[in-house]
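Take a look at the structure below.
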Amino acid sequence: MPPIIEVQNVSKSYTRDKFTIPVLNNINITVEEGDFIALMGPSGSGKTTLLNLIAGIDKPTKGNIKVGETEISKLGESALAKWRAHSIGFVFQFYNLIPVLTAFENVELPLLLTSLSKAERKKHVETALGVVGLSDRVSHYPKQLSGGQEQRVAIARAIVADPLLLVADEPTGDLDKNSADEILTLLDRLNKEFKKTIIIVTHDPHAAEKARVVRHLDKGDLV
């Protein structure tokens, strides 16, 4: 089986006024289907930038990125947005839930871009909330949930469309230890039981312990 992700000779820099700021330097990394990878490194090392490039949120300055069968580094913006909607599940540090929507409605959001019927969407949402252990919270709003429960809703939203890849940027960074452990256990289960390919960015060695592979970045270099 070919790797699910191939990052080849990728560099990324940003331009500010007249200055060019290098962030990533000639990165090469492959990810096998079903891997659970943690990207670690100090602040400013480029790990979130690398995650964003793999997830199609940003584009490399040079080099190629292939995810599945798609060379995403060559896609235009509209094609890239469509690809992200079907291929990537996002989990963020601060959940990014919409306060005026219930847990059910937040999880349903990615499915509104698909051709699924209302009944099919309902089935998918209920399944995703069941997987994260929140079947009894479908009608609750974010303010009625704990931080750990909010993050579980966010994970349900990320997996509801059965994406090719799950990416998480500091998914336990805003949680207490018990809630963080619950989220890490859930990610571990998604990887082992549901065979999800997962990449997380984390500062936390305890979070990285759940990963099968840990890669370190330092000043834009993979070490």
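In straight Cα distance, which lysines are under 17 Å from residue 82, not counting same-chain residues fewer than 8 positions off?
59, 66, 74
What full-extension length gain, to one decimal in nm, is calculated for residue 204 and residue 146 as 0.36 nm per residue of separation minus the Cα-Cα distance? Walk me through the numbers before you get to the answer.
Values: separation 58, 0.36 × 58 = 20.88 nm, distance 2.11 nm.
Full-extension gain reported as 18.8 nm.
Grab the Cα-Cα distance for residue 122 and residue 64, subtract it from 0.36 nm times how many residues apart they are, and report the gain in nm with one decimal.
Working: separation 58, 0.36 × 58 = 20.88 nm, distance 3.78 nm.
Net length gain for the segment: 17.1 nm.
If you stretched the chain out fully between residue 25 and residue 77, how much longer would it get, using 0.36 nm times the residue separation minus the C-alpha to C-alpha distance?
Values: separation 52, 0.36 × 52 = 18.72 nm, distance 2.36 nm.
Residue separation times 0.36 nm, minus the Cα-Cα distance, leaves 16.4 nm.
Kindly provide the pair-distance distribution of the chain built from C-alpha pairs, with 10 Å bins from 0 and whole-percent values in order of increasing distance.
Taking every Cα pair in the chain, the percentages come to 8, 33, 36, 19, 4, 0.
If I model a spin label as a point 7 Å beyond the Cα along the Cα-Cβ vector, how far apart are those points for residue 96 and residue 18 in nm?
3.6
With runs of 4+ DSSP H residues as the only contributors, calculate the mean residue ellipticity of the chain at 222 nm using -39,500 (n - 2.57) per run, divided by the residue total and rounded to the nearest 500. It would help to have the intermediate numbers written out before the result.
Numbers: 7 runs with 72 residues, N = 223.
Taking each H run of at least 4 residues, the total per residue is -9500 deg cm²/dmol.
Any idea how far apart residue 136 and residue 9 come out in nm if each label point goes 7 Å out from Cα toward Cβ?
According to this spin-label approximation, the distance is 5.7 nm.
No lab work stands behind these numbers, since they all come straight from the coordinates. Treat the numbers as computed from the prediction; the structure is a model and nothing was measured. Cβ atoms come from the backbone with ideal geometry, glycine included; neighbour counts cover every protein chain shown.
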